[in-house]
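What follows is one structure encoded as structure tokens, with my remarks underneath.
Every number here is computed from the coordinates shown, using simple stated rules; none is lab data. All values reported here derive from a predicted model rather than from experimental measurement. Glycine gets a Cβ as well: all are built from the backbone with ideal geometry, and neighbour counts include every protein chain shown.
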Amino acid sequence: MELKEALTHLFTLLYLILLLRIALSWFPRVDWYKQPFKFINDVAEPILAPFRRIIPPIAGIDFSPIAAFFVLQIIYSLILNIL
């Protein structure tokens, strides 16, 4: 597998995991300490946490995932341009 293709798959997987984490946050009964939710949380939280420290919720809405997607897309583009 080519390196660019592998990076594309990796970033696509990260985007999907982040989307799952965002969608599941709307369900209050999700137990984040049980699989498969623990895996989703363990992957997504290190990405989202720095943005949550910078961007506070506005009217109870967490906008940090938008910034995370934006920064991930910039990182992905920069890496592909270097390769």
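A compact table of results
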{"read-out": "Residue exposure sequence - Ile75, Ile40 - by fewest surrounding Cβ within 10 Å", "value": "Ile75, Ile40"}
{"read-out": "In degrees, nearest ten, helix 64-82 long axis to first principal axis of the chain (Cα)", "value": "10"}
{"read-out": "Length added when fully stretched, Ala59-Leu3, from 0.36 nm per residue minus Cα-Cα", "value": "16.0 nm"}
{"read-out": "Tilt relative to the chain, helix 37-54 - C-alpha long axis, 0 to 90 degrees, to 10", "value": "90"}
{"read-out": "Among Met1, Gln73, Ile58 - extreme Cα towards positive end, dipole of the chain, charges at beta-carbon", "value": "Ile58"}
{"read-out": "Student exercise, the chain dipole from Lys, Arg, Asp, Glu Cβ charges, in Debye to nearest 20", "value": "220"}
{"read-out": "Cα gyration tensor, the chain - rounded (a/c under 1.5), prolate or oblate", "value": "oblate"}
